[in-house]
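S.K.: Quick one: the structure is below, and I'll ask about it shortly.
The values are calculated or read from the model by the stated rules, or taken from the named source; none is laboratory data. Here the structure is a predicted model, which is why all the values come from computation and not from measurement. Positions of Cβ are generated from backbone atoms using ideal geometry, with glycine treated the same way; all protein chains shown enter the neighbour counts.
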Amino acid sequence: MSSPFEWLIFLPFAGGVITFLLPGKSRPWLALLLTVGTFAAAWWLASDVWREGPQGYALGGWEAPLGINLYADGLSALLLLTTSAVMTLASFYSLGYFSREAEASSWTEARAFVPLWLFLLGSLNALFVSRDLFNLYVALELLTIAGVALVALAGGATALRAGMRYLLAAFLASLLYLMGVALLYGEFGVLDLALIAEAAEGGTRAPVIALAFVFLGLGIKAALFPFHAWLPHAHASAPAPVSAVLSALVVKAAFYVILRLWVDVFADSVTAPAAQAAGALGAAGILWGSFQALREQRLKLVVAHSTVAQVGYLFLLFPLLTGVGEGAWRFDAWAGGVYHMMSHAFAKGALFLAAGTILYAYGNDQISAMRGLTRTLPITTVSFGIAGIALVGLPPSGSFIAKWMLLTATIESAQWWWAVVIGAGTLLSGAYVYRLVSAAFTPDTLPESIRPVPRVMEYASLILALTSLGLGLRAAEPFDLLEVGAPFSMIVAGVGT
Amino acid sequence: MIETGGWLPVSILATSGLVGIVIFFLDEPRHRTRNFLNIFAALAKIVLVAIAIGGYVEGEEYEARFAFVLEFDLLLRVDAVSLLFAGLSSVLWLLTTIYAIGYLEDSPHRSRFFGFFSICVTATMGIAFAGNLITFVLFYELLTIATYPLVVHRGSEEALAAGRTYLIYTLGGGTALLVGVVWLHTIAGPIEFGPGGVLEQAASGNSWELRVIFAVLIGSLGVKAALVPLHGWLPVAMVAPAPVSALLHAVAVVKAGAFGIVRVVHYVYGSDFADSLNLLLPLAIIASITIVFGSLRALAQDDIKRRLAFSTVSQLSYITLGVAIVGPIAAVGALVHLVHQGVMKVTLFFCAGNLAETLGIHNVSELDGVARRMPVTMTAFTIGGLGMIGLPPIAGFISKWHLGLGAMEADFAWVIVILATSSLLNAAYFFPPIYAAWFKTPQVEYPPAPGRLETSWMLLVPAAATALMSFLAGALAGVPYSPLDIAELVAEVVYPP
């Protein structure tokens with residue numbers, strides 16, 4: 001196997017099968033080894049993309065339209081790196097979370113956890129390198145199945161109910177997407193994205209109804225307001241590492257597909273009113289999610305509602321891509337959105353892991369129970385604080401840069417109303433992060449006994465949080481990578497542009 | 001990239017930044033190590049700033065530039081006005097650290113306190129040396145974040161409420177600042193500070209946009225600089241421990257706002273250009289209103305720290321006022337007051353802390369005869385108070401003298417009326433406590449002094465030192481390297497003869 005593409009897909013899927021057959025004790029360690037290996041493969045691919053430009057790979061030597069073409073540009077490479085990095089740290093975390101000291105029930109959870117976990121990683125990787133509509137469908141489907149099973153793993157009525165809602169929403173979404181794909185296939189006769197884009201440029205219009213089905217389905221999966229209702233409980237009742245990757249990565253995966261199709265393939269077919277509508281739904285999501293996050297009493301539910309809000313920001317980039325005239329702002333909008341995806345992935349991963357640590361130690365995750373946290377779990381408090389900074393989009397975090405670029409795009413494309421939304425969202429997120437942080441600072445009589453927390457759990461969330469901060473301190477390289485094969489060019493803004 | 005000289009500003013930041021991080025990880029009981037690290041770093045910083053001052057006057061250039069994102073750089077650069085602010089902060093950091101060690105003896109969470117304290121100082125240094133707007137914004141927001149844990153340090157209901165008010169004001173201001181800065185960048189490209197302003201060449205065509213942006217920038221910086229009606233957070237934040245009040249009011253937070261106004265007027269717009277846009281007269285009027293309003297409110301306060309807080313509101317606007325009057329002499333008044341107000345106000349807060357800590361006195365009405373019990377503290381308080389009123393030869397006189405002269409030179413005779421009114425009001429709220437302390441008979445029996453000194457030496461020495469500095473800064477204002485000398489250097493750069 002001489003290509004990083006093969007490793008990216010083979011390692012996790014083969015690992016999922018093998019760990020299924022292995023005795024339970026060795027599974028978490030093998031999972032960790034394989035996620036690290038996947039990270040190495042992602043790094044390999046990213047450095048190829050960095051040096052040589054976008055990489056393509058025909059699976060089994062068959063070119064499209066007969067065979068399956070895999071493809072990676074800067075965007076794919078960055079998301080692959082993000083995915084494997086978050087999942088590696090979450091795997092470290094799960095070593096402690098499912099440790100032997102934990103109760104017997106969580107040990108059985110752990111047995112089923114590992115194979116599903118690796119399937120999830122494999123389907124994420126497959127999704128980010130897929131280059132045709134049907135493969136994207138398959139990857140999304142695998143992702144849903146693995147995700148739903150992982151949610152249900154927590155057991156209990158709440159988790160099962162949440163898992164069932166998630167399953168129904170996701171299947172409805174898949175169905176819509178598949179119908180859209182069928183219509184598109186009828187129109188274009190091919191599934192490969194590059195070939196469709198060529199045909200679309202040549203004057204073939206995508207049927208409006210097909211695009212509506214595709215984007216509606218994906219919007220449900222990305223928890224776009226008002227299709228988000230399945231998300232908060234599914235993400236909040238899953239085991240901690242699962243919550244982390246669902247919020248950090250799985251939702252983003254659906255958004256990634258929207259971004260690819262909207263910008264790379266159907267740029268000529270989507271209309272400005274549609275873009276404004278997508279932005280409006282995103283804005284509604286920002287406000288609604290933030291208000292819900294302000295009202296919730298349980299930590300994990302606050303964090304989950306915040307995902308609804310943060311996903312809203314991503315949809316703002318579509319109206320920002322429209323606008324009159326030429327300018328660098330289209331790159332700013334697009335790259336700002338992508339950078340927000342990354343920064344939020346690390347920050348949200350850190351938050352869910354930290355919330356899981358609190359739940360693990362205290363036995364519940366009521367916000368009122370977080371009192372005295374600075375004394376009992378200082379490292380977790382720090383992760384919370386840093387990830388909170390990234391959620392609000394304060395410097396020095398990656399989200400700050402993302403917001404900076406989105407704001408630049410709003411002003412340069414003369415759509416100031418989105419700047420108001422971004423500002424309001426910042427203040428609202430400040431408010432709900434404040435609720436959590438101030439609770440941690442409130443001293444209180446300590447609970448009689450808290451369960452000792454394995455160190456690896458605390459440090460895994462800390463490293464994730466620090467990464468979201470690092471993205472804000474050193475953004476030059478990620479942006480250089482992102483520019484490889486980007487749909488917009490980064491014109492260095494001179495005076496007055 | 002870092003030129004050889006660039007290491008200097010970087011290491012000035014690093015002394016407190018690295019120590020802050022190390023201190024977070026120190027166990028609570030290791031106070032010897034912690035104190036040693038703190039004092040050592042503070043001394044090292046003073047030495048480095050002194051080297052920078054010496055080198056700068058000799059004509060050396062120190063600049064560190066890092067690629068940040070797209071066309072933006074992080075830029076740390078030593079210039080005259082940054083040295084003024086950095087010199088003030090580094091000296092007061094040392095004294096406040098000594099004071100805080102004494103003040104917080106045997107109280108919990110000292111590692112946390114000193115950790116955030118160091119981060120605050122690092123952010124302040126970053127604000128001082130920021131060479132462009134984006135770097136400034138970065139450190140400005142970092143300061144907001146790092147101060148919050150200090151305000152709520154005690155964890156009481158009152159402290160948490162004050163912290164909430166503080167965050168509402170500063171995050172609101174921070175969001176507006178971000179919008180203003182991004183907006184400015186979209187019309188003028190990346191903005192590096194340049195004496196005399198840079199916008200006249202870059203973007204003189206958009207005068208209305210520039211006016212609105214100016215209002216947004218000053219409005220957002222005015223939150224920290226406590227311009228009426230944005231000052232509400234400051235008196236409330238008085239619940240913080242005394243060293244924090246000293247840091248907030250003399251060194252870090254409020255000065256960051258005032259310093260930002262200096263940067264925007266003199267180094268981004270340029271005062272002549274800002275004046276040609278008719279922006280400076282409204283600023284002068286707002287500053288004057290703040291000066292009178294703050295003094296009037298101070299009169300009515302019985303709580304010593306609250307009286308000092310309103311006095312700060314008033315005194316800070318001297319800086320803004322001096323910035324808003326065109327002409328080198330007023331600029332000297334503004335800049336030298338940046339230092340003088342800092343030194344005098346920190347003295348007063350140290351004294352207020354000594355009274356509270358030693359005798360439990362919090363109100364002006366309890367001060368009768370207290371000078372007999374605490375003569376050194378009250379002498380320092382008297383020097384600080386008289387300086388605030390503007391009596392020669394104490395530092396405050398130098399500031400007011402230059403402001404008055406500058407106003408006459410610019411034909412702003414009404415400013416003299418403001419200055420006179422304010423001085424009368426200052427006298428009205430500083431003379432009663434001074435008189436009561438020295439000349440009235442005590443109402444209660446004060447507990448005897450613990451040793452030969454009236455209170456712990458760690459509380460007494462900083463107060464005496466800053467009082468002496470307030471005196472010397474005024475009496476020896478003509479000496480080379482005095483604050484006045486450096487301020488005149490800045491004025492020469494900003495208004496080339």
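S.K.: Which ones in the stretch B:180-217 are of a type in the set (A, V, I, L, M) and in contact with a helix residue (DSSP H, G or I) (Cβ under 6 Å, 6 or more places away or on another chain)? Let's see the steps before the verdict.
M.R.: Quick first cut of the stretch B:180-217, residues of a type in the set (A, V, I, L, M) only: B:181-182, B:184, B:187-188, B:191, B:198-199, B:202-203, B:210, B:212-213, B:215-217.
Within the stretch B:180-217, B:VAL181, B:VAL182, B:LEU184, B:ILE187, B:ALA188, B:ILE191, B:LEU199, B:ALA202, B:ALA203, B:ILE213, B:VAL216, B:LEU217 meet the criteria.
S.K.: Which residue pairs have Cβ atoms closer than 7 Å, lie 6 or more positions apart in sequence or on different chains, and pair a first residue in the stretch A:25-44 that is touching a residue at least 24 places away in the same chain (Cβ under 8 Å) with a second residue that is basic (Lys, Arg) and part of a helix (DSSP H, G or I)?
M.R.: As it stands, the answer is A:ARG27/A:ARG111, since those pairs meet every condition given.
S.K.: Working carefully through the options B:HIS249, B:HIS266, find the one that is in a helix (DSSP H, G or I) and at pLDDT below 90.
M.R.: Going through B:HIS249, B:HIS266 in turn, just one is in a helix (DSSP H, G or I) and at pLDDT below 90: B:HIS249.
S.K.: Is it fair to say A:ALA152 is under 24 Å from A:THR83 (Cα atoms), under 21 Å from the mean Cα position of the chain (by Cα), at pLDDT 90 or above and not acidic (Asp, Glu)?
M.R.: no
S.K.: In addition: Which ones in the stretch B:52-92 are basic (Lys, Arg) and surrounded by fewer than 19 Cβ atoms within 10 Å (Cβ to Cβ)?
M.R.: Within the stretch B:52-92, B:ARG65 is the sole residue that qualifies.
S.K.: Being surrounded by fewer than 24 Cβ atoms within 10 Å (Cβ to Cβ), in contact (Cβ under 8 Å) with a residue 12 or more places away in the chain and either closer than 24 Å to B:PHE129 by Cα or not charged (D, E, K, R) (or both) narrows it down to one residue among B:GLY197, B:GLY174; which is it?
M.R.: From the options B:GLY197, B:GLY174, the qualifying one is B:GLY197.
S.K.: Continuing with this model, one more query. Take the residues in the stretch A:186-206 that are closer than 10 Å to A:ASP132 by Cβ and part of a helix (DSSP H, G or I), then tell me which one is nearest to the chain's Cα centre (by Cα).
M.R.: In the first step, residues of the stretch A:186-206 are kept if they are closer than 10 Å to A:ASP132 by Cβ; the result is A:190-196.
Add one more test, that the residue is part of a helix (DSSP H, G or I), and what stays is A:193-196.
Working: A:LEU193: 22, A:ALA194: 24, A:LEU195: 27, A:ILE196: 26 Å.
Per the criteria, the residue is A:LEU193.
S.K.: Next up: In the set B:LEU76, B:LEU43, which member is under 26 Å from B:GLY342 (Cα atoms) and either more than 24 Å from the chain's Cα centre (by Cα) or within 14 Å of chain A (Cβ to nearest Cβ) (or both)?
M.R.: B:LEU76
S.K.: For the stretch B:143-179, what are the residues that are closer than 21 Å to A:THR408 by Cα and within 10 Å of chain A (Cβ to nearest Cβ)?
M.R.: Those that are closer than 21 Å to A:THR408 by Cα and within 10 Å of chain A (Cβ to nearest Cβ): B:LEU171, B:GLY172, B:GLY174, B:THR175, B:ALA176, B:LEU178, B:VAL179.
S.K.: Let me ask something else. Mind listing just one residue for me: the one in the stretch B:108-140 that is within 15 Å of the chain's Cα centre (by Cα) and of a type in the set (S, T, N, Q) and, of those, surrounded by the fewest Cβ atoms within 10 Å (Cβ to Cβ)?
M.R.: Looking at the filtered set, the residue picked out is B:THR122.
S.K.: Name every residue in the stretch B:186-209 that is within 12 Å of chain A (Cβ to nearest Cβ) and closer than 9 Å to B:TYR269 by Cα, in order of residue number.
M.R.: B:VAL198, B:LEU199, listed by residue number.
S.K.: Pick out the one residue from B:ILE329, B:ILE291, B:ILE286 that is hydrophobic (A, V, I, L, M, F, W, C), under 30 Å from B:ILE187 (Cβ atoms) and either modelled with pLDDT under 90 or in a helix (DSSP H, G or I) (or both).
M.R.: B:ILE286
S.K.: Considering only the stretch B:332-441, give the helices (runs of 4 or more DSSP H) lying wholly within it that have at least 2 residues that are touching a helix residue (DSSP H, G or I) at 6+ places or on another chain (Cβ under 6 Å) and farther than 25 Å from B:LEU104 by Cβ. Outline the logic, then answer.
M.R.: Numbers: elements: B:370-373, B:375-389, B:395-409, B:413-439.
Ranges flagged: B:375-389, B:395-409, B:413-439.
S.K.: Could you please find all residues in the stretch A:409-429 being surrounded by fewer than 24 Cβ atoms within 10 Å (Cβ to Cβ) and either among the small types (Gly, Ala, Ser) or facing chain B (nearest Cβ under 7 Å) (or both)?
M.R.: Passing the criteria: A:ILE411, A:SER413, A:ALA414, A:ALA419, A:GLY423, A:ALA424, A:LEU427.
S.K.: Ok, one more. Looking at A:ASP264, A:ASP332, can you tell me which residue is surrounded by 24 or more Cβ atoms within 10 Å (Cβ to Cβ), out of contact with any His (no Cβ under 6 Å at 6 or more places or on another chain), in a helix (DSSP H, G or I) and at pLDDT below 90?
M.R.: Working: A:ASP264 fails: surrounded by 24 or more Cβ atoms within 10 Å (Cβ to Cβ).
Exactly one residue qualifies, and that residue is A:ASP332.
S.K.: From the set of residues in the stretch A:370-408 that are among the basic types (Lys, Arg) and at the interface with chain B (Cβ under 9 Å from one of its Cβ atoms), which is farthest from A:ALA304 (Cα to Cα)?
M.R.: Per the stated criteria, the residue is A:ARG375.
S.K.: Do we have B:ILE145 as under 14 Å from the mean Cα position of the chain (by Cα) and surrounded by 24 or more Cβ atoms within 10 Å (Cβ to Cβ) here?
M.R.: It is false that B:ILE145 is under 14 Å from the mean Cα position of the chain (by Cα) and surrounded by 24 or more Cβ atoms within 10 Å (Cβ to Cβ).
S.K.: OK, next. In the stretch B:307-339, which residues are farther than 30 Å from B:LEU277 by Cβ and not hydroxyl-bearing (Ser, Thr, Tyr)?
M.R.: B:ARG307, B:LEU308, B:ALA309, B:PHE310
S.K.: Given the criteria at pLDDT 90 or above and of a type in the set (A, V, I, L, M, F, W, C), does A:ALA440 qualify?
M.R.: Considered against the rule, which asks whether it is at pLDDT 90 or above and of a type in the set (A, V, I, L, M, F, W, C), A:ALA440 comes out as no.
S.K.: Continuing with this model, one more query. Show the residue pairs meeting these rules: Cβ distance below 9 Å; 6+ apart or different chains; first residue within the stretch B:3-30 and assigned to a helix (DSSP H, G or I); second residue among the charged types (D, E, K, R) and surrounded by fewer than 16 Cβ atoms within 10 Å (Cβ to Cβ).
M.R.: Partner pairs satisfying both residue conditions: B:GLY5/B:GLU60; B:GLY5/B:GLU61; B:LEU8/B:GLU60.
S.K.: Using the structure shown, decide if A:ALA223 is of a type in the set (Gly, Ala, Ser) and in a loop (DSSP other than H, G, I, E, B).
M.R.: Here the answer is yes, as A:ALA223 does meet what is asked.
S.K.: If only one of A:GLY356, A:GLY337, A:GLY363 is away from chain B (no Cβ under 13 Å) and out of contact with any helix residue (DSSP H, G or I) (no Cβ under 8 Å at 6 or more places or on another chain), which one is it?
M.R.: Details: A:GLY356 fails: out of contact with any helix residue (DSSP H, G or I) (no Cβ under 8 Å at 6 or more places or on another chain); A:GLY337 fails: out of contact with any helix residue (DSSP H, G or I) (no Cβ under 8 Å at 6 or more places or on another chain).
One residue alone meets the criteria, A:GLY363.
S.K.: Name the one entry in B:ILE304, B:ILE213 that is over 24 Å from B:LEU83 (Cα atoms) and either more than 14 Å from every other protein chain (Cβ to nearest Cβ) or without any contact (Cβ under 8 Å) to a residue 12 or more places away in the chain (or both). Spell out how you get there, then give the answer.
M.R.: Numbers: B:ILE213 fails: either more than 14 Å from every other protein chain (Cβ to nearest Cβ) or without any contact (Cβ under 8 Å) to a residue 12 or more places away in the chain (or both).
Just a single option satisfies the conditions, and that option is B:ILE304.
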